[in-house]
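What follows is calculated from the coordinates using simple rules that are stated; it is not laboratory data. Just so it is clear, the model here is predicted, and its values are computed rather than measured. Glycine gets a Cβ as well: all are built from the backbone with ideal geometry, and neighbour counts include every protein chain shown.
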Amino acid sequence: MNETSIETFPNPEPNRRYIITHVNPEFTSVCPKTGLPDFGTVTVRYVPRQRCIELKSLKYYYLQYRNQGIFYEAVTNKILDDLVAACDPEEMTVITEWRTRGGIHSIIEATYKRPNTE
């Protein structure tokens, strides 16, 4: 996969704890077993520290999964790892909700909490 960098910008209120939620209802990847497309919604919810995620770069980051064969669990955790690395949040949760296939509807949730360094 050709890595697209996730851009960030300075948090306009770094001394205030607040939650940012981004929802992408048009996420696509490919099932590595069948080669068929998987369609889902990706929700990213995070408490920023010094940096916030820039949305255009996030959109292009998501597009690189369009033709990649990857399991639901792997893509959810990869998105979390990549976004945490990009913006170093206080905490972040990534939820992927996948369209029904074969009668099964899947929701995967992965969470990061910054270690207490005090």
Asp81 versus Ile104, label points 7 Å from Cα toward the beta carbon: distance in nm? 2.3 nm
If the cut-off is a Cα-Cα distance under 13 Å, which aspartates and glutamates reach Lys56, setting aside same-chain residues fewer than 8 apart in sequence? Glu7
Please give the charge dipole size of the chain, origin at the Cα centre, charges +1 on K and R Cβ atoms and -1 on D and E Cβ atoms. Round to the nearest 20 debye. 200 debye
Please give, to one decimal in nm, the separation of the simple spin-label points placed at Leu63 and Thr34, each 7 Å out from Cα toward the Cβ. 2.7 nm
State the answer as a single residue: which of Asn77, Val30, His105 lies farthest towards the positive end of the charge dipole of the chain, with beta carbon charges of +1 for Lys and Arg and -1 for Asp and Glu, about the Cα centre. His105
Zone of Glu13 (label point 7 Å along Cα→Cβ, backbone N under 18 Å): which residues in the stretch 40-63? 45-54
Residues of type lysines that Lys33 reaches as a straight line, Cα spacing below 29 Å, ignoring anything fewer than 8 places off in the same chain: Lys59, Lys78
